[in-house]
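A quick write-up on the structure given underneath.
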Amino acid sequence: MSTLPRTLCPRCRGELQVTADAQHCTNCGHDYPVVAGIPDLRIAPDPWIDFADDRAKGVSVDSRAAPGFEAAVREYWRQTPATTAADAERHIDHVLGAAKRSRQWLSALHHEPAAGEVWLDLGCGTADLACAAPAQVSVVGLDIAFRWLVVARRRLAEAGRTDPLVCGNAEALPYPAQSFDRVIALGLLEHCADLDPIFSEVARVLKPGGRFHARASNRFTLLREPHVGVWGVGFVPRALADGYVRALGGSGYQHHSPHSAAAISAAMQRAGLRDIAVTAAQMLGAEAHRLPRWLAPVVPLYDAARSRPIARSLTRLVAPMLEAEGVAP
């Protein structure tokens, strides 16, 4: 059985005294609440919502939803009235299909997991990676959004998993150095304006030789930006992107920051990771149905281009998704 790392104060990494409703740092004196059984070890709120409203929405979704994971997902969007019904259905479909995407992504990993490995899933969302992971691997799920963690707990329960969930910031991880065999970030990097603190923490908590894996939206994709459905957002200066999206009928672009392959690679290098590879991501079968029909014949050509030396470099510039891998020194 895997030994899970203990949680520490994310501010000073002091020891935490744990009670049913709080965690107290014995070093710096900060207190962190435990809400609905989930420790909230954030030092900064989700940019979409403040601490109190985030916790309140999570508790409300959990208490009002009918039993089951899908019921909680639908209740979440019912309690998000600013989202149109069409967009809500698109988001629901994306969340419900996440575990299938994670299983397909895991099946394509070049490095097979060993029994007893402990993984950190950064930006775990609804814990789809933990539900797709091998039974002999433990996955600690961390996300800035408390409200999604109460939904994630239902997905874990339906999958028969008991992996821990923690509300926290990827820039200030509440774990000791050299705690994890792998750190995985599927769909996180495009929500982080500054990659340097993320990769600094990744390098710190990985065991020597531990692996980092990421899958992220590419800033310079030639397809529509997946979060807002607008063409060409990445080619617009970041300061103008929100206005550009709104002008084209989108709902805004305030908290999205997709990065290029070069930017991700450079940030990983600055953090001291080695054996870095940032490539055009494989198109997963579970993603293909979200593409326009006219693109279906292009998918085999895209996958072929990813494997050819000259085309590979060009493809990663404009691929819809990027894969990143690195190894801790």
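The values are calculated or read from the model by the stated rules, or taken from the named source; none is laboratory data. Everything numeric here is computed off the predicted structure, so don't read it as measured data. In this analysis, Cβ positions are derived from the backbone assuming ideal geometry, glycine residues included, and neighbour counts consider all displayed protein chains. Accessible surface is based on the protein model in full, side chains and every heavy atom, while ligands, DNA and RNA are left aside. Shrake-Rupley method; radii C 1.70, N 1.55, O 1.52, S 1.80 Å.
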Inset, instruction - Can you work out which of the residues in the range 177-220 that are open to solvent by less than 10 Å² (accessible area, probe 1.4 Å) and polar (S, T, N, Q) is farthest from the chain's Cα centre (by Cα)? - result: ASN218
Inset, instruction - Identify all residues within the range 38-69 that are surrounded by fewer than 17 Cβ atoms within 10 Å (Cβ to Cβ) and either touching a Leu at 6+ places or on another chain (Cβ under 6 Å) or not in a loop (DSSP other than H, G, I, E, B) (or both); write none if there are none. - result: PHE51, ALA52, ASP53, ALA56, VAL59, SER60, SER63, ARG64
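Criterion first (at pLDDT below 95 and open to solvent by less than 20 Å² (accessible area, probe 1.4 Å)) does ALA99 satisfy it?
Values: at pLDDT below 95: yes; open to solvent by less than 20 Å² (accessible area, probe 1.4 Å): yes.
Yes: the conditions hold for ALA99.
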Inset, instruction - Give the range 15-35 a look and list any residue that's open to solvent by less than 50 Å² (accessible area, probe 1.4 Å) and not aromatic (Phe, Trp, Tyr), or say none. - result: LEU16, ALA22, GLN23, CYS25, GLY29, PRO33, VAL34, VAL35
Inset, instruction - Answer yes if at least one residue in the range 79-95 is modelled with pLDDT of 95 or more, of a type outside the set (Val, Ile, Thr) and not in a loop (DSSP other than H, G, I, E, B), and no otherwise. - result: no
Inset, instruction - Kindly list the number of the only condition in (1) in contact (Cβ under 8 Å) with a residue 40 or more places away in the chain; (2) at positive phi that fails for GLY229. - result: (1)
Inset, instruction - Can you work out which of the residues in the range 304-329 that are within 16 Å of SER265 (Cα to Cα) and without any contact (Cβ under 8 Å) to a residue 24 or more places away in the chain is least open to solvent (accessible area, probe 1.4 Å)? - result: SER313
Legend entry - Subset of the range 229-253 that is assigned to a loop (DSSP other than H, G, I, E, B) and open to solvent by 30 Å² or more (accessible area, probe 1.4 Å) - its residue that is modelled with the lowest pLDDT: SER251
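Regarding the range 58-67, can at least one residue be identified that is of a type in the set (Asp, Glu) and over 21 Å from the mean Cα position of the chain (by Cα)?
Step one: of the range 58-67, the residues of a type in the set (Asp, Glu) are 62.
Within this subset, residues satisfying the condition of being over 21 Å from the mean Cα position of the chain (by Cα) are 62.
Yes, some residue in the range 58-67 is of a type in the set (Asp, Glu) and over 21 Å from the mean Cα position of the chain (by Cα).
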Legend entry - Candidates ALA72, ALA86, filtered to the one that is more than 18 Å from LEU186 (Cβ to Cβ), surrounded by 19 or more Cβ atoms within 10 Å (Cβ to Cβ) and aliphatic (A, V, I, L, M): ALA72
Inset, instruction - Keeping to the range 254-303, report how many residues are open to solvent by 50 Å² or more (accessible area, probe 1.4 Å), part of a helix (DSSP H, G or I) and hydrophobic (A, V, I, L, M, F, W, C). - result: 4
